[in-house]
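A short write-up of the structure that comes next.
The values are calculated or read from the model by the stated rules, or taken from the named source; none is laboratory data. Quick caveat: nothing in here was measured; it's all calculated off a predicted structure. Every residue, glycine as well, gets a Cβ built from its backbone with ideal geometry; the counts of neighbours run over all protein chains shown.
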Amino acid sequence: MVYSETVNSEAKTNKEWPGWYYEIKAYERPRLRAAAVQILNSFIPYFVLLGLMVYTVKKEYSYFVTLAVAAVAAGFMVRIFIIFHDCTHLSFFESKRANRIVGYIAGIVTLTAFDDWQWCHGRHHTTAGDLDRQGVGAIGVMTVDEYSKASKWKRLGYRFARNPLVLFGLAPSALFILSQRFTKGPSLRQRKSVIITNVSILIIAAAASFAIGFGTVLKVVLPVMMIAETIGVWLFYIQHNFAGMYWAHHDEVDKMRVALEGSSFYNLPGVLRWFTGNIGYHNLHHVRTHIPNYNLRRCYESTPALNNIKGLTIRGSLKSLKLHLWDEERRQLVGFAAAN
C-alpha cells in the first residue's frame, strides 16, 4: 500500500497529530436515523433469507439452491457483525444502553459475547502494530529472526496456522463456534456475557430444532455461519497483513503510523463495501475508533489528506497470502523464503 507524502509528513510522531485528526472528530457523532435504517436493512433481510432457506430444505429443493441463498444471508450476517463491532465501541448510538442492548442481540446472532469481545477488541486497538505485545484479538506475526531461531516444531506449527486452508477454512469455525464459547477477559462482567450469549444460543437452537427439526437447523445455519466466519477472518487478516504495512517494537510504536500504515484501506466495490459496513476504511477506523461505520465513507471523502491513499484492491489483497514474516532490517512483510 502506498501512502501520500502529505499523510506521512503529517504523522511523524505521536506528539505531532495532523490538523485533520481533530477536524474529523465531528464524524464521531452517531446518527439515529442512519443507525435505525442499518438495523432494519440488515436484520430483516437476514431472517427473511433464513426463512427462505428453511423453505428450500422443507420443499426438498436442490441443496445448491439453499447454499446460494446461504451465501447472500452470510453477507447480511457480516453486516450484522459490523453493527455489533460498532456497538462494542459504543459508537453506533449516542446511548450507551442502546449500544449494549443492540450489541448483545447482534452478538447472539453472530455467536459473539458482547463484553468479552469488547475487551479483546480493545486489546487489539491498544496493541496493533506492536511487535512486542501481540496476542489477544489479533493474528500474530513472527519476525524473520524469531522464525529462524524457532524449533522445527514451532516453525511447522506457524506454517500450519498460516496455511490459507487452515486460516480461512478451519480457523474461522474453530474461533466462532468453539473458542468464543469461553471467556478471554479477566472480569466477571466478561464471563457473564459469555454465559448469557451461550445460554441464549442454546435456547434459540433448541426452539428452532423443536419447530423445524435439528437436521433442518444444521442445513440452514451451518453454511451461513461458515461463509460469514470465513469472510470475517479474511477481512481481519487483510486489515493488518499486507505489503507496505507498519510494525515496530513497543518503544518505537507511532500510533498515527499504526493507524494509517499498519491498517489497510480495502477499496472494495460498492456492493461489497455495503455488506461489510465500510470496514474497508480500516485505517480511518484506527485513527478514530468512535466513528460509526455509516459515517466512515463520508469522513474519508471529505478529508483531502486521506484521499491520496492508494487502497488495496481485491486482486492486490491476494498477494498478502504470501506474506508471513516481518523482516526487521527491511521493515516489511516477507515470505517464508526470506528465512532460509
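What to note about this one:
- Count of residues meeting criterion [over 23 Å from I238 (Cα atoms), modelled with pLDDT of 95 or more and under 19 Å from the mean Cα position of the chain (by Cα)] in the stretch 165-193: 0
- Answer from E229, E261, E252 - the residue that is farther than 26 Å from F114 by Cβ and crowded, with 21+ Cβ neighbours inside 10 Å: E261
- With respect to the conditions (1) more than 17 Å from the chain's Cα centre (by Cα); (2) free of Cβ contacts under 8 Å to residues at least 12 places away in the same chain; (3) under 29 Å from P292 (Cα atoms), T127 falls short on a single one, namely (1).
- Of all residues making up the stretch 264-275, the number that are hydrophobic (A, V, I, L, M, F, W, C) and either assigned to a strand (DSSP E or B) or surrounded by 23 or more Cβ atoms within 10 Å (Cβ to Cβ) (or both): 1
- Condition check for L318: among the hydrophobic types (A, V, I, L, M, F, W, C), farther than 30 Å from A36 by Cα and under 19 Å from the mean Cα position of the chain (by Cα): yes
- Filter result (farther than 22 Å from M77 by Cα, free of Cβ contacts under 8 Å to residues at least 60 places away in the same chain and surrounded by fewer than 22 Cβ atoms within 10 Å (Cβ to Cβ)) within the stretch 276-301: Y300, E301
- If you go through the stretch 276-316 and keep only what is of a type in the set (G, A, S) and either assigned to a loop (DSSP other than H, G, I, E, B) or modelled with pLDDT of 95 or more (or both), you end up with G277, G280, S302, G311.
- Residue selected from the stretch 213-226 under the condition of a type in the set (A, V, I, L, M) and buried (at least 16 other Cβ atoms within 10 Å of the Cβ), by the criterion nearest to L111 (Cα to Cα): M225
- Residue among L312, L333 that alone is in contact (Cβ under 8 Å) with a residue 12 or more places away in the chain and surrounded by fewer than 22 Cβ atoms within 10 Å (Cβ to Cβ): L333
- Residue in the stretch 64-82 that is exposed (fewer than 14 other Cβ atoms within 10 Å of the Cβ) and over 25 Å from R273 (Cβ atoms) present: yes
- Here L40, L32, L90, L52 are screened, and the one residue that is aliphatic (A, V, I, L, M), out of contact with any Gly (no Cβ under 6 Å at 6 or more places or on another chain), modelled with pLDDT of 95 or more and on the phi > 0 side of the Ramachandran plot is L90.
- For the stretch 187-205, the set of residues classified as out of contact with any helix residue (DSSP H, G or I) (no Cβ under 7 Å at 6 or more places or on another chain), closer than 16 Å to M225 by Cβ and touching a residue at least 40 places away in the same chain (Cβ under 8 Å) consists of I204 only.
- When the residues of the stretch 56-89 are filtered to those that are among the hydroxyl-bearing types (S, T, Y) and over 27 Å from Q118 (Cα atoms), the one that is nearest to the chain's Cα centre (by Cα) is T66.
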